[in-house]
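The values are calculated or read from the model by the stated rules, or taken from the named source; none is laboratory data. All values derive from a computational prediction rather than experimental measurement. Here the Cβ positions follow ideal geometry from the backbone for every residue, glycine too, while neighbour counts run over all protein chains shown. Heads up: the accessible areas ignore ligands, DNA and RNA and are worked out on the full protein's heavy atoms, side chains in. Shrake-Rupley method; radii C 1.70, N 1.55, O 1.52, S 1.80 Å.
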Amino acid sequence: MTTSYLLMVIAGSAVVTWIPRILPFILSKKVDFPKWLMDFLSYIPICILTALLFQSILEVRAGKLPAIDLLSLVACVPTFLVAIRTKDLMKTVIVGIVTMALLRLFF
C-alpha cells in the first residue's frame, strides 16, 4: 500500500463522511419548510440527548438485564436541576462534568 493510495483513501473517507452532514444544511437554507415540519424537527435534539442520557445511565452486559450506573444517575440530579432552572446548555454541561468528576474522585 503506497502513501498516495492511503492519503486518497483518507481524503475519500472524509468527503463521504462530510457530505451527508453538510449537504442537508446547505439545501435546507434554500427551502422553506412548512410549520408542522419545523415543529416536528424541533424535537429531534431532545430525543438525541435523551437517548445519550439513557445510554450513559444504563450499563448493558451480554446475557444480563441492563443495570443502572449509580454514579451517572446521581450526577444527573444536579445537572437536571441546573438545566431546568437556567435553561443554559453551557452551565448544564459544566455542572454535569464537575459533578461526575467529583463523584469519581470520592467514590
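When Asp69, Asp39 are checked against the criterion of being farther than 24 Å from Phe107 by Cα, of a type in the set (D, E, K, R) and open to solvent by less than 80 Å² (accessible area, probe 1.4 Å), Asp39 stands alone in meeting it. Of all residues in region 76-94, those that are closer than 17 Å to Leu52 by Cα have Cβ atoms under 9 Å from Cβ atoms of residues that are among the aromatic types (Phe, Trp, Tyr), 6 or more apart or on another chain, in Thr92/Phe80.
Within region 87-107, the residues that satisfy the criterion of being surrounded by 14 or more Cβ atoms within 10 Å (Cβ to Cβ) and under 20 Å from Leu58 (Cα atoms) are Gly96, Thr99, Met100, Leu103.
When Ile19, Ile44, Ile26, Ile84 are checked against the criterion of being at pLDDT 90 or above, of a type in the set (A, V, I, L, M), farther than 30 Å from Phe107 by Cβ and open to solvent by 60 Å² or more (accessible area, probe 1.4 Å), a single residue qualifies: Ile19.
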